[in-house]
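The values are calculated or read from the model by the stated rules, or taken from the named source; none is laboratory data. What you are looking at is a predicted structure, and each value in this text was computed from that prediction instead of being measured. Here the Cβ positions follow ideal geometry from the backbone for every residue, glycine too, while neighbour counts run over all protein chains shown. For the accessible areas, the whole protein counts, side chains as well, though only heavy atoms, and no ligand, DNA or RNA atoms are used. Shrake-Rupley method; radii C 1.70, N 1.55, O 1.52, S 1.80 Å.
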Amino acid sequence: MTIFNFSAGPAVLPPEVKQQIEAELYNWNDTGCSVMEMSHRSAEFTAMAEENEALLRKLLQVPEDYAVMLIPGGARLQYSMIPMNMSSAEGKAVYAVNGHWGKEAFKEGSRFCRATSVRPVTPETYAEIPAFADVDVPTDADYLHYTSNETLEGVQWHQLPSHNGVRLCCDMTSDLLTKPIDVKQYSLIYASAQKNMGIAGITCVLMRKRDIGCSENLLPTMMNYKTYADTGSFYNTPPVFPWYVMLLVLRWTEAQGGVDAIQKMNQQKSRKLYDYIDSSDFFSNKVQLACRSEINVPFWLADETLNSTFLQESSAVGLKALKGHMAVGGMRASIYNAMPMAGIDSLIAFMQEFERTKG
Ligand SMILES: Cc1ncc(COP(=O)(O)O)c(C=O)c1O
């Protein structure tokens with residue numbers, strides 16, 4: 001049976017990447033060791049790290065005046081590092097919140113600076129992006145933070161937010177590498193790797209070099225961006241295996257035709273799924289059309305008493321991890337870069353049959 005893994009993260013990896021990991025596990029690059037067993041300062045690992053950075057820069061067109069840093073601690077560590085490095089206890093920062101992860105970033109940011117949200121943070125889950133304009137963003141703020149794709153709610157920004165010239169910081173954990181982006185619009189972009197760049201353990205941070213090292217706060221060395229920028233992210237022993245998997249995934253991404261081709265695929269996949277959901281009387285998606293996610297597609301059954309039957313039966317035919325996050329309920333299909341169109345076709349065929357027999 002073919003398995004299609006719709007997990008929100010850690011998430012599906014391309015099969016070619018898993019095959020290569022298997023083939024190289026005991027003998028990587030003719031070193032006689034696995035990549036997990038050698039110094040990160042060895043010539044082989046250093047060469048790999050250089051290829052990784054060059055490929056990421058190429059895929060995302062990262063300008064030279066941006067640093068590429070790979071930092072342990074997950075995306076959540078960035079919720080603290082950003083205000084600590086870019087603001088201060090007296091400083092102001094603004095958060096645009098349109099989902100669970102934006103709320104979490106705002107909560108953590110509030111511990112380190114005078115954080116405000118551009119629109120009231122509502123306790124309910126989001127099905128839209130609350131509108132705001134330049135005038136809502138004070139020009140004396142140290143930065144505006146937002147989450148480009150809210151992984152739980154399936155709410156995605158399809159344009160830049162108004163930011164009144166204030167430095168932009170963006171959590172792109174669930175959509176970095178899923179489409180082209182204009183890096184130079186941002187002061188800082190970050191994404192942990194376990195959705196579209198490999199496995200958990202490493203977070204990619206792209207930061208404008210002139211914004212690095214400006215903080216007057218007393219920062220722990222490991223939480224100072226300058227530490228990573230100055231050492232090529234080699235200050236301490238880095239998470240070597242996630243770094244290696246990231247390179248394999250970047251090579252795979254390039255082989256697909258890069259982020260332009262990947263975006264086309266993602267748009268075709270999500271459109272097909274939304275079209276079916278919208279045509280059905282049994283399934284629905286509550287998110288406003290203009291901000292539906294191309295990456296995480298939540299949906300609800302008209303009869304929620306059938307939720308557990310839906311999950312059992314879908315899992316039995318190889319469609320895994322479709323349960324929505326408990327904060328949102330319902331179902332969610334996470335259709336990251338490595339999810340093939342065949343996975344969408346199988347899911348739709350299953351949903352059609354479920355609707356026909358139980359709807
Ligand atoms: C958009 C977004 N931000 C942040 C996180 C948290 O990431 P991490 O577990 O790497 O800290 C997630 C995890 O799913 C996410 O989807």
Exercise. Could you check Ser215 against (1) open to solvent by 30 Å² or more (accessible area, probe 1.4 Å); (2) closer than 28 Å to Ser39 by Cα and say which number it fails?
Key: (2)
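Within the range 177-189, is even one residue within 10 Å of the ligand (Cβ to nearest atom), outside the structural domain of Lys264 (by TED's automatic domain parsing), within 22 Å of Glu294 (Cα to Cα) and open to solvent by less than 30 Å² (accessible area, probe 1.4 Å)? Can you show your working first?
Residues of the range 177-189 within 10 Å of the ligand (Cβ to nearest atom): none.
Within the range 177-189, none of the residues are within 10 Å of the ligand (Cβ to nearest atom), outside the structural domain of Lys264 (by TED's automatic domain parsing), within 22 Å of Glu294 (Cα to Cα) and open to solvent by less than 30 Å² (accessible area, probe 1.4 Å).
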Quiz prompt | Whichever residue in the range 99-148 is exposed (fewer than 15 other Cβ atoms within 10 Å of the Cβ) and of a type in the set (Gly, Ala, Ser) and, among such residues, is modelled with the highest pLDDT | solution = Ala133
Quiz prompt | Residues located in the range 139-151, provided they are within 8 Å of the ligand (Cβ to nearest atom) and either touching a Gly at 6+ places or on another chain (Cβ under 6 Å) or among the β-branched types (Val, Ile, Thr) (or both) | solution = Thr147, Glu150, Thr151
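Residue-by-condition table, conditions (1) open to solvent by 30 Å² or more (accessible area, probe 1.4 Å); (2) closer than 17 Å to Cys170 by Cα; (3) of a type in the set (Asp, Glu); (4) within 20 Å of the chain's Cα centre (by Cα):
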position	(1), (2), (3), (4)
Val12	no, no, no, yes
Asn27	yes, no, no, no
Ala49	no, no, no, no
Ala89	yes, no, no, no
Quiz item: Would the range 333-342 turn up any residue that is open to solvent by 40 Å² or more (accessible area, probe 1.4 Å) and assigned to a loop (DSSP other than H, G, I, E, B)?
Solution: yes
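Quick one: in the range 59-74, which of the residues that are among the aliphatic types (A, V, I, L, M) and over 15 Å from Tyr225 (Cβ atoms) is surrounded by the most Cβ atoms within 10 Å (Cβ to Cβ)?
If we filter the range 59-74 for residues that are among the aliphatic types (A, V, I, L, M), which is where we start, we get 59-60, 62, 67-71.
Restricting the remaining residues to those that are over 15 Å from Tyr225 (Cβ atoms) gives 59-60, 62.
Numbers: Leu59: 17, Leu60: 25, Val62: 19.
Among those that are among the aliphatic types (A, V, I, L, M) and over 15 Å from Tyr225 (Cβ atoms), it is Leu60.
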